[in-house]
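Visitor: Can you keep this structure in mind? I'll have questions shortly.
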Amino acid sequence: MTFLLYFAVVLIWGTTWIAIFVQQHSANVAVETAVFWRFFFASLLLLVILKGVSRLRRLPAATHTLCLIQGSCIFGANFLCFYTAAQWVNSGLESVIFSMAVLYNALNSRLFFGQKPAPRFVPALILGLTGMVILFWPQLQENHFSLNLLYGVGLCALGTYGFSLGNMIGIHHQQQQQDALSTTAWAMLYGSLIMAVIALLRGASLAPSLNLPWLTAVVYLAVIGSVCGFGAYFILLVRIGAAKASWSTLLFPLVALALSARYEGFVWQLTTVIGLLCIGCSNLLMFLPQPPRQR
């Protein structure tokens, strides 16, 4: 069961990046509105399903507050950053930056739960950052170190940190023995409503586009990417922990880059391979078993 969940997360999240690209480029809809409809639809669907199969658990008020924070991090700020960055960074490279969630989780586990990172954390971090520079170096040179590209990369890094913060709240839910699917459904709803408020405050319309590619992308992102993808991920997080669950973020960029090459014209270069190897090795370092201490 764990393997199937893992495979589902890798395959689903590897394909959602191209759906985000389609949604962002098929209609002139505000980013906040696009994120709102994705998670509003997904949350209502998940709540109805859980209610229908008697799996929707009643949550304490304190847990709802944490779901609100979790929703603002994962289903709000995280996707607001990535959807905005899609203007300057292609979907495959966005997914590569997202793979740094492994390192963010190590930092945040130390910050919030006192879990000391392994001694290899610093070399893993250096290797990962080096891989990022190598991966993006051709684009930076081609765009003459464009501030927009740097801004897009920074937004992706910030969005990934928001995802990691949501993971930490997921661990807290687990420690409090709260149902993973129930907390995910409420977090999605709260995150979508926060996006709606931001859209209205910025003067954007909440009306969805009737453009068929846009609607198709929203349905795919809501049903497959959100209900199935996040549902599987948070169940996986409960089963094997945040560190091992976030390993999936290392694998799905391969799917995303393959789709980006097919649909966005992404070209594989030597720097792409070297950068990916550096990033992959940096994440792999975080999962190597600790050597036994000598007495």
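Visitor: State whether one or more residues within the stretch 138-155 are among the hydrophobic types (A, V, I, L, M, F, W, C), modelled with pLDDT of 90 or more and open to solvent by less than 50 Å² (accessible area, probe 1.4 Å).
Guide: Start the filter on the stretch 138-155 by keeping residues that are among the hydrophobic types (A, V, I, L, M, F, W, C), which leaves 140, 145, 147, 149-150, 153, 155.
Subset that is modelled with pLDDT of 90 or more: 155.
Keeping just the survivors that are open to solvent by less than 50 Å² (accessible area, probe 1.4 Å) gives 155.
Yes: one or more hits.
Visitor: I'm told Val29 meets every condition in (1) open to solvent by 40 Å² or more (accessible area, probe 1.4 Å); (2) under 29 Å from Gly265 (Cα atoms) except one. Can you identify the failing condition by its number?
Guide: Just one mismatch for Val29, condition (1).
Visitor: Could you give every pair whose Cβ atoms fall below 9 Å, whose first residue belongs to the stretch 34-57 and is touching a residue at least 12 places away in the same chain (Cβ under 8 Å), and whose second residue is among the basic types (Lys, Arg) and outside any helix (DSSP H, G or I), counting only separations of at least 6 or pairs across chains?
Guide: Pairs found: Ile49/Arg55; Leu50/Arg57.
Visitor: For the stretch 91-106, how many residues are crowded, with 23+ Cβ neighbours inside 10 Å and either not in a helix (DSSP H, G or I) or not hydrophobic (A, V, I, L, M, F, W, C) (or both)?
Guide: The qualifying residues number 7.
Visitor: Okay, moving on. Give me the helices (runs of 4 or more DSSP H) completely within the stretch 164-272, filtered to those with at least 3 residues that are over 30 Å from Gln139 (Cα atoms) and either in contact (Cβ under 8 Å) with a residue 24 or more places away in the chain or open to solvent by less than 20 Å² (accessible area, probe 1.4 Å) (or both), ordered by residue number.
Guide: Where helices (runs of 4 or more DSSP H) fall fully within the stretch 164-272 and carry at least 3 residues being over 30 Å from Gln139 (Cα atoms) and either in contact (Cβ under 8 Å) with a residue 24 or more places away in the chain or open to solvent by less than 20 Å² (accessible area, probe 1.4 Å) (or both), they are 180-201, 229-245.
Visitor: To continue, here is another question. Which of (1) in contact with a helix residue (DSSP H, G or I) (Cβ under 9 Å, 6 or more places away or on another chain); (2) open to solvent by 10 Å² or more (accessible area, probe 1.4 Å); (3) of a type outside the set (A, V, I, L, M, F, W, C); (4) in a helix (DSSP H, G or I) is the odd one out, the single condition Thr65 does not satisfy?
Guide: If we test Thr65 against (1) in contact with a helix residue (DSSP H, G or I) (Cβ under 9 Å, 6 or more places away or on another chain); (2) open to solvent by 10 Å² or more (accessible area, probe 1.4 Å); (3) of a type outside the set (A, V, I, L, M, F, W, C); (4) in a helix (DSSP H, G or I), just (1) comes out false.
The values are calculated or read from the model by the stated rules, or taken from the named source; none is laboratory data. Nothing here was measured: the structure is a model prediction, and the numbers come from that model. Cβ sites come from the backbone with ideal geometry, for glycine too, and all protein chains shown count toward neighbours. Heavy atoms of the whole protein, side chains included, go into the accessibility calculation; ligands, DNA and RNA do not. Shrake-Rupley method; radii C 1.70, N 1.55, O 1.52, S 1.80 Å.
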